[in-house]
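Contents: one structure, followed by commentary.
The values are calculated or read from the model by the stated rules, or taken from the named source; none is laboratory data. What you see is a predicted model; the values in this text were computed from it and never measured. Cβ: placed from backbone, ideal geometry, glycine included. Neighbour counts: every protein chain shown. When the accessible area is computed, the model is the full protein with side chains, heavy atoms only, and any ligands, DNA or RNA have been set aside. Shrake-Rupley method; radii C 1.70, N 1.55, O 1.52, S 1.80 Å.
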Amino acid sequence: MRDILVVKCGGTAAVRSAAVCADVAAARRDGRPVILVHGGSADIDRLAVRLGVPSRRLVSPDGVSTRYTDVETLEVVQLALAGAVKPRLLAELRACGVKAVGLTGLDAGLLVATRKIAHRALVGGRRVVVRDDHSGRITGVNEELLSTLLSAGVLPVVSPPAVAEDGRAVNTDADRAAAAIAGAVRASTLLLLTGANGVLADRDDERSTLPVCRIPRQGPPPVVTGGMGIKLIAAREALLAGTGRVLIADGRRPHPVRDALAGAC
Amino acid sequence: MRDILVVKCGGTAAVRSAAVCADVAAARRDGRPVILVHGGSADIDRLAVRLGVPSRRLVSPDGVSTRYTDVETLEVVQLALAGAVKPRLLAELRACGVKAVGLTGLDAGLLVATRKIAHRALVGGRRVVVRDDHSGRITGVNEELLSTLLSAGVLPVVSPPAVAEDGRAVNTDADRAAAAIAGAVRASTLLLLTGANGVLADRDDERSTLPVCRIPRQGPPPVVTGGMGIKLIAAREALLAGTGRVLIADGRRPHPVRDALAGAC
Amino acid sequence: MVTCPECESSVVPAGTPVIGEIVECGDCATELEIITLDPIRAALAPEIEEDWGE
Amino acid sequence: MVTCPECESSVVPAGTPVIGEIVECGDCATELEIITLDPIRAALAPEIEEDWGE
Ligand SMILES: [Zn+2]
Ligand SMILES: [Zn+2]
């Protein structure tokens, strides 16, 4: 399988998912194998409100904020991603004439993760040990399933959760899931779409886009503001795993994928 | 692909889904290609209550009761089936060592349906024309997707909704979805598991199980009580489409699939 | 009270009609569907292929 | 007030402690995790591999 493109489409309202689907479908129709990875924070938050489940954040000692995924939140994550976001993307891709199949990490062990049993985090300004969080780090990808589908001309649409060795669902960051997938299938390009103008040198200046962002092999990435830290970590993981290149680009444009592949960002 | 088994597992609490998964996994491990089809009425009803969406029934002039699927209910159906029931089945199958992939009719056009624009129904004792119901009849199955997965050793786990020609989701009866699938893949056996002791001659006598139930090619089936009418319609559709045989058996037993295949019911 | 589009008889629904309700013309037995309530109007009820168990 | 399992000093959490809270022993700088509140007890806080951005 040659020249695989992995596109990660953010879950915020700013990223135009219909435009992403249209571009992805065009690439697919040109014969390029494509995998679409998605999150869905806006849908998760909305459903959590409707179900009366509080949305909480964990702030790690290094300042990164992630979703506090207790058992009830994990249920909401699964409902929203598999039951709301994914059907919408499948319908949009179908309208563009593309055969797409929705998957989470639970499908045939697509994304295997190790749950992190304990986190250190800041909760309400206090340093605490959190033990009821169901999130973790991806340790394996069922590359065979993806290859089978790509060979059959099907476009996989993938999201968290992943599955732990004990068979339970584990939430995981969708950018890093996309990175693990890109590495596993040896993608030529991983495109991370975001609600910003790419990686900014100055977060308050939309025109300060970095044409190239170098990331050290270890330690904190050079830019950490506005959720960009995790994207750069994901980019590093993808590159170290053998992905050809990683693009971080604006998902708010009318042609987010086409423009990013053409060099705009 | 030889000797395909399609098992439909009901969505009520009475049917033991863990036992079904264990039996299905055993058949799979013996090398038999299996497709599992599921509904999820208990989960749909529970989620509808949590979301404050009223569960209503449509009673057709011939007395058959089905879910009144307005737009809000359709959303609940999708959330519950794809986001709650299916992950649970996938986890149970994984625990039995089987690679299973969850699908709805929206995946690569797996189940294409024609939405019935208008129904005649009894609502609150009155005869009315219902136009906001999103349900319909299956007109096509993407048999190729199922074959691709079965050939790769994957067990497809399928549920409604289906997709209409306009790309929107359409609710559909899970028994009839199983029948359409069994016909499309030329299954040797379609097994419909139920919360009763098979097809009963007398609904009040659990021992009145019919060893064989003959169904006329057209018109009402011989038994219509307790939801059995739709199962027999589904059985007829499966047989007319080329399924080898249809078994309707008790899903409450400790080994529902194994026992049914061995002739118990 | 609605007027039957077939025979122009007056048809009086029993009780308070609801949107979508099917009423039958007493004169020509045509089935009418209540389309609006205020003012109350009716049209021919659609012929629907009866699909046993759909 | 809890007793440090390392040096047996008394450690007084600031304000009302919560389950899971990490407090540091003033004498030996060991990190303790509040395990129960009534009675208040603490154990060594787990060493956790810090994974940037996990
Ligand atoms: Zn008339
Ligand atoms: Zn001490």
Note on segment A:170-265: alpha-carbon gyration tensor, axes a ≥ b ≥ c; rule is a/c under 1.5 for rounded, else prolate if a/b larger than b/c, else oblate; result oblate
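Within the protein assembly as shown, what whole-number % of the accessible surface is contributed by carbon and sulfur, with the 1.4 Å probe and all protein chains included in the calculation? Before the final figure, lay out each step's value.
Numbers: 13850 of 27430 Å².
The value for the protein assembly as shown is 50 percent carbon and sulfur by accessible area.
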Whole angstrom only: what separates the Cα centroid of segment A:31-50 from the Cα centroid of segment B:207-265? 40 Å
Looking at segment B:114-179, which GluC sites (Glu not before Pro) are in a loop (DSSP not H, G, I, E or B) and have at most 13 other Cβ atoms within 10 Å? B:GLU165
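Looking only at segment B:7-261, where both bridge partners belong to it, what percent of the DSSP beta bridges are antiparallel (to the nearest 5)?
Values: 17 of 38 bridges.
Taking every DSSP beta bridge with both residues in segment B:7-261, the antiparallel ones total about 45 percent.
Taking the radius of gyration and the Kirkwood hydrodynamic radius from Cα positions alone, what is the Rg/Rh ratio for chain B, to two decimal places? The partial results should precede the final answer.
On the way: Rg = 17.4 Å, Rh = 18.5 Å.
Rounded to two decimals, Rg/Rh equals 0.94.
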For A:LEU122 paired with D:ALA14, estimate the spin-label separation in nm (one decimal), with each label point 7 Å from Cα along the Cα-to-Cβ line. 1.3 nm
Hey, for a label at A:ASP259 modelled as a point 7 Å past Cα toward Cβ, could you say which residues of segment A:1-23 have their backbone N under 20 Å away? A:6-23
Any idea what the B:ARG258 label distances to the other copies are, label 7 Å down the Cα→Cβ vector, nm, shortest first? 5.8
For segment A:29-147, what is the charge dipole size about the Cα centre, in debye to the nearest 20, if Lys and Arg each add +1 at the Cβ and Asp and Glu each add -1 at the Cβ? 300 debye
Can you list the distances in nanometres, one decimal and ascending, from the A:PRO220 label point to the identical position in each other copy, with the point 7 Å along Cα to Cβ? 7.5
In square angstrom, rounded to the nearest 10, how much accessible surface does B:LEU247 have for a 1.4 Å probe? 40 Å²
Treating each Cα of the protein assembly as shown as an identical point scatterer and ignoring solvent, apply the Debye formula and state log10 I(q)/I(0) at q = 0.08, 0.09, 0.11 Å⁻¹. -0.67, -0.82, -1.09
Per the rotation taking chain A to chain B, min distance Cβ-to-axis on chain A (residue, whole Å) equals A:GLY83, 2
B:ARG203 paired with A:ASP132, simple spin-label distance in nm, labels 7 Å along Cα-to-beta-carbon: 4.4 nm
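Stretch B:ARG214-B:GLU143 to full length: gain in nm at 0.36 nm per residue minus the Cα-Cα span? Intermediate results must be reported in sequence, preceding the final value.
Details: separation 71, 0.36 × 71 = 25.56 nm, distance 2.81 nm.
In short, 22.8 nm is gained.
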Chain B: relative contact order as a whole-number percent, Cα under 8 Å and 6+ apart: 23 percent
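Note down the magnitude of the dipole of segment D:2-44 about its Cα centre, charges +1 on Lys and Arg C-beta and -1 on Asp and Glu C-beta and zero elsewhere, to the nearest 20 debye. Write out the running numbers ahead of the final one.
Numbers: 1 positive and 8 negative charges, 26 e Å.
The calculation lands at about 120 debye.
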Non-local residues with an amide H under 5 Å from the amide H of A:ARG245, with H modelled 1.01 Å from N and Pro and chain starts lacking one, are A:THR189, A:LEU190
Per-copy distances of the B:ARG126 label point, shortest first, in nm (7 angstrom along Cα→Cβ): 5.9
Got the relative contact order for segment A:97-222 handy, in percent, Cα pairs under 8 Å and 6 or more residues apart? 23 percent
If DNA, RNA and ligands are ignored and the probe is 1.4 Å, what is the ranking of B:MET228, C:MET1 by accessible area, most exposed first? C:MET1, B:MET228
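At R0 = 22 Å, how high is the FRET efficiency between B:ALA42 and B:SER65 if r is their beta carbon distance? Nearest 0.05 is fine. List each step's numbers first, then the result.
Values: r = 16 Å, r/R0 = 0.73.
With R0 = 22 Å, the Cβ-Cβ based efficiency is 0.85.
For segment B:1-114, what does the relative contact order come out to in percent, with C-alpha contacts under 8 Å and a separation of six or more? Before the final figure, lay out each step's value.
Numbers: 118 pairs, mean separation 28.6, N = 114.
Once normalised by length, the contact order is 25 percent.
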Segment A:160-214, dipole about Cα centre (Lys/Arg Cβ +1, Asp/Glu Cβ -1), debye to the nearest 20: 240 debye
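Which percent of the Cα-Cα distances in segment D:2-44 go past 16 Å?
Values: 180 of 903 pairs.
The answer is 20 percent, as a whole percent.
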I'd like to know which of A:ILE248, A:ASN142, A:PRO211 lies farthest towards the positive end of the charge dipole of chain A, counting +1 on Cβ of Lys and Arg and -1 on Cβ of Asp and Glu. A:PRO211
Non-local Lys pairs in the protein assembly as shown, i.e. 8 or more apart or on different chains, that have alpha carbons under 28 Å apart: 28
Computed helical MRE - 222 nm, chain A, DSSP H runs ≥ 4 contributing -39500 (n - 2.57), nearest 500: -9500 deg cm²/dmol
